[in-house]
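Asker: The structure follows.
The values are calculated or read from the model by the stated rules, or taken from the named source; none is laboratory data. This is a predicted model, so every value here is computed, not measured. Cβ placement follows ideal geometry from the backbone for every residue including glycine, while neighbour counts extend to all protein chains displayed.
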Amino acid sequence: MATTKMGLDLVVKAIYSESTETLFEKARSFADMIEVSSPVSIYDGLPAQLMQPGSTYITNVTALGFAKSYDYHIRIDQVCPETKCIETSEWGKGIHHWLHTMEILPSNRGSVWIDRISIDAGLTTPVLALFARHMYRHRHKKRGAIELLASLRRSRRLSARGAPIYHPTEN
């Protein structure tokens, strides 16, 4: 049964001139994630391959060159080429949950990549959420996004998937 937790929800919306197919291939690639995350986040031991649904990957993450998280788990819950949607559940020492949904949608300017992340890390949630906003903006800038929007909101949601993360800025 799911439990209710307090946390923060981050939504990052990036506009690209590339097609949804091109961006989806990047979204499902750990190789791309590793490349565009550096130097903000370094993933040691994460395979440079496509995400496999149902698989859990364990990596050591170094954030900002000094904050280390050993044995960080990334479970790939869903990779859907039809809807261009990826869902992951992530956790590690001090991180109760990091639920991440990536969605690639067509737009009149190319494509829109939307990251929705629900973060619960206890007392460190606000600091971790600010870092996450910085990291996701950095990734999208390195990928060549032509426009970026990011919002953080306090959430009260189920710690298991089910309740959507909605922000009024998504209209």
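Asker: Applying the selection to segment 21-51, what residues are part of a loop (DSSP other than H, G, I, E, B), surrounded by fewer than 14 Cβ atoms within 10 Å (Cβ to Cβ) and in contact with a strand residue (DSSP E or B) (Cβ under 6 Å, 6 or more places away or on another chain)?
Answerer: Selection gives Gly45 alone.
Asker: Test each condition in (1) closer than 22 Å to Phe131 by Cα; (2) modelled with pLDDT under 95; (3) of a type in the set (S, T, N, Q) for Thr3 and report the one that comes out false.
Answerer: The number of the failed condition is (1).
Asker: Taking segment 21-37 as the region of interest, how many residues are in contact with a His (Cβ under 9 Å, 6 or more places away or on another chain) and of a type in the set (S, T, N, Q)? Don't jump to the end; show me each part of the working.
Answerer: Here is the first cut: in segment 21-37, the residues in contact with a His (Cβ under 9 Å, 6 or more places away or on another chain) are 36-37.
Then keep just the ones that are of a type in the set (S, T, N, Q); that gives 37.
Number of matching residues: 1.
Asker: Of all residues in segment 52-67, which are outside any strand (DSSP E or B) and either modelled with pLDDT of 95 or more or closer than 18 Å to Trp91 by Cα (or both)? Let's see the steps before the verdict.
Answerer: So the first thing to find is which residues in segment 52-67 are outside any strand (DSSP E or B), and the list is 52-55, 64-66.
Once the filter is applied, which keeps residues that are outside any strand (DSSP E or B) and either modelled with pLDDT of 95 or more or closer than 18 Å to Trp91 by Cα (or both), segment 52-67 yields Gln52, Pro53, Gly54, Ser55.
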